[in-house]
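The values are calculated or read from the model by the stated rules, or taken from the named source; none is laboratory data. These numbers come from a predicted model, not from an experiment. Don't worry about glycine lacking a Cβ; one is built from the backbone with ideal geometry, like all the others, and counts go over all protein chains shown.
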């Protein structure tokens with residue numbers, strides 16, 4: 001963890017290093033648990049990060065989250081790059097792998113956890129807003145991916161932009177707001193993704209496409225690993 005926030009080069013190295021551990025199917029390395037800990041333990045570092053640390057953290061998180069989003073919207077890639085790997089076993093030593101349906105459920109929980117921290121930080125912008133914005137600016141194109149989350153973020157950004165006591169944070173909020181609005185066409189409606197993907201081999205529509213998907217009411221089960229439980 002300390003190396004992630006030292007320099008931009010160190011941050012990128014850490015992300016690539018763990019990607020290699022996953023790709024090489026390193027024994028006793030759980031990729032699922034790793035990504036879960038990044039979301040729940042590393043992202044909240046924005047609460048106490050300096051500007052330099054926040055910039056490095058943003059670089060690390062972007063490189064880490066990119067494949068997660070790619071796998072969510074491309075089942076074939078998921079099966080090839082993640083679902084078939086040892087790191088996506090539901091438990092260390094288990095022969096069972098996390099299915100695509102299970103991954104979609106866990107991905108949504110990760111996205112919701114990030115959103116919860118981001119909204120809390122922006123609502124307390126005098127204490128955490130600066131670091132949070134530095135990280136979120138780096139994540140454009142990777143997070144958020146849902147339109148309703150973008151709407152929530154924009155609502156808080158508008159409040160920050162009209163305040164008068166922190167001009168630096170106000171300027172960053174305006175920049176992020178502009179970037180977020182430019183990315184609106186690439187965002188998706190979460191309701192369109194609530195479809196019956198069980199048994200379907202078709203690729204899920206990626207952010208930015210206009211293809212319509214039917215809604216589904218089937219409840220998807222999460223993999224039986226600790227990451228399925230949202231630890232606060």
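In segment 94-114, which residues are closer than 15 Å to residue 22 by Cα and either assigned to a loop (DSSP other than H, G, I, E, B) or touching a residue at least 24 places away in the same chain (Cβ under 8 Å) (or both)? Quick ask: steps written out before the conclusion?
As a first pass, look at segment 94-114 and keep what is closer than 15 Å to residue 22 by Cα: 97-98.
Within segment 94-114, 98 is the sole residue that qualifies.
Out of the residues in segment 83-104 that are under 19 Å from residue 40 (Cβ atoms) and buried (at least 18 other Cβ atoms within 10 Å of the Cβ), which is modelled with the lowest pLDDT?
So in segment 83-104, the residues under 19 Å from residue 40 (Cβ atoms) come out as 87-88, 90-92, 98, 102-104.
Keeping just the survivors that are buried (at least 18 other Cβ atoms within 10 Å of the Cβ) gives 87-88, 90, 98, 102-104.
Working: 87: 94, 88: 95, 90: 88, 98: 94, 102: 93, 103: 95, 104: 93.
Per the stated criteria, the residue is 90.
Exactly one residue out of 179, 136, 157 is more than 30 Å from residue 29 (Cα to Cα) and buried (at least 16 other Cβ atoms within 10 Å of the Cβ), and it is 157. For segment 115-132, does any single residue satisfy the condition of being modelled with pLDDT of 90 or more, touching a strand residue (DSSP E or B) at 6+ places or on another chain (Cβ under 8 Å) and in a helix (DSSP H, G or I)? No - not one qualifying residue is present in segment 115-132. Within segment 108-118, being within 10 Å of the chain's Cα centre (by Cα) and surrounded by fewer than 19 Cβ atoms within 10 Å (Cβ to Cβ) holds for 108, 109, 112, 113, 115. Against the conditions (1) within 19 Å of the chain's Cα centre (by Cα); (2) surrounded by fewer than 22 Cβ atoms within 10 Å (Cβ to Cβ); (3) at pLDDT 95 or above, residue 60 satisfies every one except (2).
Just one of (1) surrounded by fewer than 16 Cβ atoms within 10 Å (Cβ to Cβ); (2) modelled with pLDDT under 95; (3) under 21 Å from residue 45 (Cα atoms) fails for residue 148. It is (3).
Quick one: would you say residue 32 is in a helix (DSSP H, G or I) and touching a strand residue (DSSP E or B) at 6+ places or on another chain (Cβ under 9 Å)?
Details: in a helix (DSSP H, G or I): yes; touching a strand residue (DSSP E or B) at 6+ places or on another chain (Cβ under 9 Å): yes.
It is true that residue 32 is in a helix (DSSP H, G or I) and touching a strand residue (DSSP E or B) at 6+ places or on another chain (Cβ under 9 Å).
Taking segment 49-92 as the range and being in contact (Cβ under 8 Å) with a residue 24 or more places away in the chain, outside any helix (DSSP H, G or I) and more than 25 Å from residue 135 (Cβ to Cβ) as the test, the residues that pass are 74, 85, 89, 90, 91, 92. Do we have any residue at all in segment 208-228 that's more than 26 Å from residue 87 (Cα to Cα), modelled with pLDDT under 90 and within 21 Å of the chain's Cα centre (by Cα)? There is at least one residue in segment 208-228 that is more than 26 Å from residue 87 (Cα to Cα), modelled with pLDDT under 90 and within 21 Å of the chain's Cα centre (by Cα).
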